[in-house]
Amino acid sequence: MSAGPFAPVGSWLPGVSAPAFTAAELLAAAPRVREQAHVVRGEPLGALGVGFEGEVVWNGRSNGRTSYPLVATLPAIFPEWLGDRSFCEIHGTRFPYLTGAMANGIATPALVIAVGKAGMMGFFGAAGLAPARVEQALAEIEAALGTRHAWGSNLIHSPNEPDLEDAIVDLYLRRGVTRVDASAYMNLTPSVVRYAASGLQSDASGRVRRKNRVLAKISRPEVARRFLQPAPADLLDALVSSGRLRAEEARLATRVPLAEDVTVESDSGGHTDNRPLGALLPTIASLREECALRNGYADPIRVGAAGGLGTPASVASAFALGAAYVMTGTINQASVESGLSDDGKRMLAEAGIADVIMAPAADMFELGVKVQVLRRGTMFAVRAARLYELYVAHASWAEVPQPAREKTEKEILRASFDQVWDDTRRFFEERDPREVARAERDPRHKMALVFRWYLGKSSKWSIAGEPERRVDYQIWCGPAMGAFNEWAKGSFLAEPARRGVVQIALNLLEGAAVVTRSQQLRAAGVAIPSQAFAYAPRPLA
């Protein structure tokens, strides 16, 4: 037998079935991921194939039984094992799989409950909702999942409404919400630091123990670094001085990173920098190692992946890059449990990978921040961009040329500027009266609030399914939706009515395991057909 990379290490004796060598046999073998696979060579010096069960003989003695030279043995692969086991152990999940906190309640309590009961972790979409509405949702989730299953809620950076961000943290601390998906942060705020540091304790060995866990969603190294470092001393000191944090909690916070789970968000729906995961995740992983080494942390920091994950191959690639866990978002908006209207779900189900576009964000309109949304079937992005152009070019509504004002009121607002301002003023008189006072002093800010009315309402129209406003639907969407639709074509997941969020998750994980095994076989020298990488959706228990 010749030496080389595929030289035999022993012999394999078949059991009830012979090894797979032909393309058809190898295609049938690839999905058998829960079994140990033996890479064997046909005789004499034939191609490499795959055998299951049977017996491995290391001394070469087959006692007269048919045997094959053994090249390698691959362990069984379970979807549960694709990520970092410490993630599942720390959070108490079965699978390294999360569902993101789609804002305005699109990630509903029903969605969070479904994935929680399936051994995954879901986050409620609290962004954009009043604290009373969030509390109502938390009560529903708590009643169904309690502490037996892992779950959390969103904490979004709110530079225009810091009091609201703080009120949400108050709510989470009061109700004992122990996990948050911290998203859209550009800088750390007292609110997110207070949440992370509250409840810190040291055990008998001196190790810091957390009560609350921040899963920070980031897309830039400079922002990731802030979460990978201990909380800044000035913010901790201010929180202690104001009585919102105990001195001992602040002291312990200097010994641990603000977040032990960092979710790398690549080209996603909603807030995104459109970065490719293959470039971004290794960069953040390297930064993680740098920060851990410099600070001498006792516990590991896990880096997860989000954005662009809509097929088994993309999920497998995220794990291959070293992701501790994966988080899906856009594709769950089209699920049965999503809070999006049926009309909106049908629009998503028709999207291709190029049917997305960037548009001004309602929550950070004045800063020029953009979100990725569905382009197909809606004029929202074009109209929102037009509003931002008017805001940048003019200091007040009165300065906008009359033809442009009339067109904006007729085609976009569908009401007069003053009528929309009356509605906007009433909203902020309840939510934050300071915004009204500022608008009365600053005509440009008044114009911004009116334009934000359209951006905010457009999301609610898509949730409610307002037929007369269909052309104005704002539906957050990344290219993963189009990839998912292409993958699901012709399968039971093609119909929105059958897209249960758990079925989506199980199929992605099962498929990722099959893709991973197929790649292992290919790396072991087996001529695995390309079709083995094309896992088709099927109903899974």
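For the stretch 261-316, a residue qualifies if it is crowded, with 19+ Cβ neighbours inside 10 Å, under 25 Å from Ala361 (Cβ atoms) and of a type in the set (A, V, I, L, M), and the qualifying residues are Val262, Val264, Leu277, Leu280, Leu281, Ile284, Ala305, Ala306, Leu309. Taking the stated definitions as given, is Gly482 modelled with pLDDT of 95 or more, closer than 30 Å to Ala313 by Cβ and either outside the structural domain of Asp423 (by TED's automatic domain parsing) or surrounded by fewer than 24 Cβ atoms within 10 Å (Cβ to Cβ) (or both)? Here the answer is yes, as Gly482 does meet what is asked. Just one of the listed residues (Ala23, Ala7) is farther than 30 Å from Ala324 by Cα and modelled with pLDDT under 90, namely Ala7.
Please verify whether Ala313 is in contact with a strand residue (DSSP E or B) (Cβ under 8 Å, 6 or more places away or on another chain), touching a residue at least 12 places away in the same chain (Cβ under 8 Å) and assigned by TED's automatic domain parsing to the domain that holds Ser219, treating the condition exactly as stated. So Ala313 does not fit the description; no.
Remark: pairs (first residue in the stretch 407-431, within 13 Å of Arg452 (Cα to Cα) and in contact (Cβ under 8 Å) with a residue 24 or more places away in the chain; second residue not β-branched (Val, Ile, Thr) and not in a helix (DSSP H, G or I); Cβ separation under 9 Å; 6+ apart in sequence or on different chains) = Ile412/Met379; Asp423/Ala415. A search for C-beta distances below 8 Å between a residue of the stretch 491-520 that is closer than 13 Å to Trp81 by Cα and any residue that is in a loop (DSSP other than H, G, I, E, B) and modelled with pLDDT under 95, counting only pairs 6+ apart in sequence or on different chains, returns Glu510/Leu540.
All of Ala216, Ala231, Ala250, Ala196 fail the test of being within 21 Å of Pro300 (Cα to Cα) and in contact (Cβ under 8 Å) with a residue 60 or more places away in the chain, apart from Ala196. Among the residues of the stretch 366-380, those identified as more than 23 Å from the chain's Cα centre (by Cα) and either under 20 Å from Trp461 (Cα atoms) or not assigned by TED's automatic domain parsing to the domain that holds Ser462 (or both) are Gly377, Thr378, Met379, Phe380. I need a count of the residues in the stretch 210-240 that are touching a helix residue (DSSP H, G or I) at 6+ places or on another chain (Cβ under 6 Å), closer than 13 Å to Ala184 by Cβ and surrounded by fewer than 20 Cβ atoms within 10 Å (Cβ to Cβ). Residues meeting the conditions: 0.
Applying the criterion of being within 22 Å of Gly490 (Cβ to Cβ) and not in a loop (DSSP other than H, G, I, E, B) to the residues of the stretch 515-529, the residue that is nearest to the chain's Cα centre (by Cα) is Val515. Examine the stretch 93-103 for a residue that is hydroxyl-bearing (Ser, Thr, Tyr), in contact with a strand residue (DSSP E or B) (Cβ under 8 Å, 6 or more places away or on another chain), touching a residue at least 24 places away in the same chain (Cβ under 8 Å) and in a loop (DSSP other than H, G, I, E, B), and state whether such a residue exists. Yes, the stretch 93-103 has at least one match.
From the list Ala532, Ala536, the lone residue that is among the small types (Gly, Ala, Ser) and assigned to a helix (DSSP H, G or I) is Ala532. Inside the stretch 309-363, can you point out the residues that are of a type in the set (S, T, N, Q) and more than 16 Å from the chain's Cα centre (by Cα)? Selection gives Ser341 alone.
The residues in the stretch 80-92 that are under 17 Å from Thr516 (Cα atoms) and assigned to a loop (DSSP other than H, G, I, E, B) can be counted, and the count is 3.
Candidates in the stretch 485-526 are the residues that are among the aliphatic types (A, V, I, L, M) and under 22 Å from Ala354 (Cα atoms); of these, the one that is surrounded by the fewest Cβ atoms within 10 Å (Cβ to Cβ) is Ala494.
Here the condition is being assigned to a loop (DSSP other than H, G, I, E, B), assigned by TED's automatic domain parsing to the domain that holds Ser242 and closer than 24 Å to Gln474 by Cβ; of Ala182, Ala137, Ala127, Ala132, it holds for Ala127 alone. Exactly one residue out of Val369, Val392 is of a type outside the set (S, T, N, Q), over 19 Å from Glu265 (Cβ atoms) and surrounded by fewer than 19 Cβ atoms within 10 Å (Cβ to Cβ): that is Val392.
Would you confirm, using the coordinates I've provided, whether Ser268 is touching a strand residue (DSSP E or B) at 6+ places or on another chain (Cβ under 7 Å), of a type in the set (Ser, Thr, Tyr) and more than 16 Å from Arg225 (Cβ to Cβ)? Spelling it out, Ser268 is indeed touching a strand residue (DSSP E or B) at 6+ places or on another chain (Cβ under 7 Å), of a type in the set (Ser, Thr, Tyr) and more than 16 Å from Arg225 (Cβ to Cβ).
Against the condition of a type in the set (Gly, Ala, Ser) and in a helix (DSSP H, G or I), how does Ala483 come out, does it pass? Here the answer is yes, as Ala483 does meet what is asked.
One line per residue, one yes/no per condition, for (1) assigned to a loop (DSSP other than H, G, I, E, B); (2) modelled with pLDDT of 95 or more; (3) in contact with a Lys or Arg (Cβ under 8 Å, 6 or more places away or on another chain); (4) of a type outside the set (Ser, Thr, Tyr):
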position: Val223; (1), (2), (3), (4): no, yes, no, yes
position: Ala231; (1), (2), (3), (4): yes, yes, no, yes
position: Arg244; (1), (2), (3), (4): yes, yes, yes, yes
position: Pro257; (1), (2), (3), (4): yes, yes, no, yes
position: Thr263; (1), (2), (3), (4): no, yes, yes, no
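Close contacts from the stretch 155-166, counting a first residue that is in a helix (DSSP H, G or I) and a second that is charged (D, E, K, R), with Cβ to Cβ under 6 Å and a gap of 6+ residues or different chains, come to none at all.
The values are calculated or read from the model by the stated rules, or taken from the named source; none is laboratory data. Note that this is a predicted model, so its numbers are computed, not measured. Cβ atoms come from the backbone with ideal geometry, glycine included; neighbour counts cover every protein chain shown.
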